Amino acid sequence: MNSTPDVASRSTTALGPQLRRRKSINMMISDAENNAGAGQLRRTLGMWQLTMISVGATMGTGILVILGATVPIAGPAIWISFVIAGITALLSAVSYAEMAGMVPVSGSSYSYTYATMGEGLAWICGWCLVLEYAVSVAAVAVGAGEYVNETLRTFGMELPASLAGGPLEGGVVNLPALIVVVLATLLLVRGMRESAIVNTIVVIIKAGILVFFSIVAFSAFNAGNFEPLLPMGAAGVTAAASTVFFSYIGFDAASTAGEEAKNPKRDLPRAIMLSMLIVTLTYVLVAVSAIGAREWQWFDGTEAALVQIVGELTGQPILVLVFAVAAVLAIASVVLTVLYGQTRILLSMSRDGLVPKVFSKVSPKTGTPVAGTLITGILVAITAGFIPLGALADATSIGTLFAFALVGVSVMYLRKKQPLATRTFKVPFYPITPILGVLACLFLMSQLGGETWVVFGIWMLVGIAIYLGYGRSRSRLGRLSKQDYIATHVGEK
């Protein structure tokens, strides 16, 4: 029952019933323990490391590179946009916390959806996660180039144009982006324990530079910069909230570590909630201090805004150098942890037969999916180094919001179908909280532009074609007879 069908095999289940087939939680846990003979991941992560994975995947992405694009939209009220996006993410985070405690495997919202809404929506969710993780990794890596240039400018130098952007951007390759992804890939191949140690150190550095920035910015704080608070109206604030939600992408990375956590049912919910608290408070603090230090119009078109503010206020090139280097490290930690999450989601999808088996093979030497990590890292490195992402990067927010909404629905489904199941964390104020989380996600999705929706629609059509052309015929669950399928769900309604 646990063997993956031969490539030449074809699904014996009609499409409609197959799309509705759910994978039992017990079967997921059994697969995690056995991994269909492909090797097991190693349980080496405690709550602190899990928290740092979430913080590392989240904090820094938006606050370091997104202010120049969003402050002109929201004005001084940009901090309110961060609060709105943070509340939306928090409403989803509590649902993630409950599901992570119930389904302690590597698939994150893909696995949660498979257990509740069936293979069809699970595939769509997984395909959204590929967009969220792989494309956002490439987009974040590209942001490292500007901070590398800020570092070099301290010495009166700058990257040549040929190494600062891809062929369609007037260059040859975005070298800093490519290098960051390659280094993160090699570290992940070496082992998760080593990666977690490096990530924890870098996250501490990241938090340190953001606190340092806030101290410097508050030294030049001008309350008048917040008047008028809403020059673009409430519509500008909500529009910016949809964009800055990109800054919260990654908090769910800890949920992909379900099979490498020492005590996943206890530690995953705690890590998710703690990371959200740390990230949201830090974002609001930095946004308020930045606006206090500079009028909101100053941010229009400004890249690497935080470094520029530090340089202008201190007049110390050495501080700019330290800050810029730390910023590159901060972005590198996002690349490391989000790339980690992508490889673990592909591992879960591979076990189910929906993507090639190579992604679920775990090296007995390192305890990591070496081949899958290398393949993913190479593809992301090429994307970051040579291909301008444009609207595809914006579409990551739609994919993420959709996946978050599905997790909220998953919580409500299991509360109804398995009310007596053990839960190490329960969503507070149920069912109001998950309902609000789903509605908030749908609202932010509605605020994104038409071009972004078109790109997202194309992405979904490609995903559906891949499922119908590859995944459906190789699905382990789809290959089960009706009797065998029912047997896997004994004890579940």
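None of the figures in this text is laboratory data; all of them are computed from the coordinates on show. A quick note: this is a predicted structure, and the numbers were derived from the prediction, not measured. We place every Cβ from the backbone using ideal geometry, glycine too, and count neighbours over all the protein chains shown.
The table below gives the values:
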item	result
Burial ordering of I486, I309, fewest other beta-carbon atoms within 10 Å first	I486, I309
Integer Hz, Karplus 6.51/-1.76/1.60 couplings in order for the range 20-31, x for Gly and Pro	8, 5, 9, 9, 5, 4, 4, 5, 4, 5, 4, 4
Rg [Å, one decimal], Dmax [Å, integer] - the range 358-493, C-alpha atoms	19.6, 51
Alpha-carbon Debye profile of the range 28-175, log10 I(q)/I(0) at 0.10, 0.12, 0.19 Å⁻¹	-0.57, -0.78, -1.29
5 angstrom amide H check on R21, placed H, neighbours 5+ away	E119, G120
Distance from the range 186-201 to the range 396-433 (C-alpha centre basis), Å	31
Most positive-pole-ward Cα, L442, F82, V307, against dipole of the range 15-487 from beta carbon charges	L442
Order of V279, V286 under a 10 Å beta carbon neighbour criterion, fewest first	V286, V279
14 Å beta-carbon shell around S136, net charge (K/R +1, D/E -1)	-3
Gap separating the Cα centres of the range 243-301 and the range 458-478, nearest whole Å	32
R0 of 51 Å, Cβ-Cβ distance R43-L15: FRET efficiency to nearest 0.05	0.85
Order of E158, E169 - criterion: other Cβ atoms within 10 Å of each residue's Cβ, fewest first	E158, E169
10 °C / 1.306 mPa s Stokes-Einstein diffusion coefficient of the range 15-487, Kirkwood radius on C-alpha pairs, µm²/s	71
Nearest-ten-degree value, helix 317-351 long axis tilted from longest Cα axis of the chain	10
Integer Hz, Karplus 6.51/-1.76/1.60 couplings in order for the range 105-121, x for Gly and Pro	10, 7, x, 6, 5, 4, 5, 4, 5, 4, 6, 10, 10, x, 5, x, 5
Residue-by-residue Karplus 3J(HN,Hα) for the range 248-254, coefficients 6.51, -1.76, 1.60, Hz, glycine and proline x	9, 4, x, 4, 7, 4, 4
Ellipticity estimate at 222 nm from DSSP helix runs (n ≥ 4, -39,500 (n - 2.57)) divided over the chain, nearest 500	-21500 deg cm²/dmol
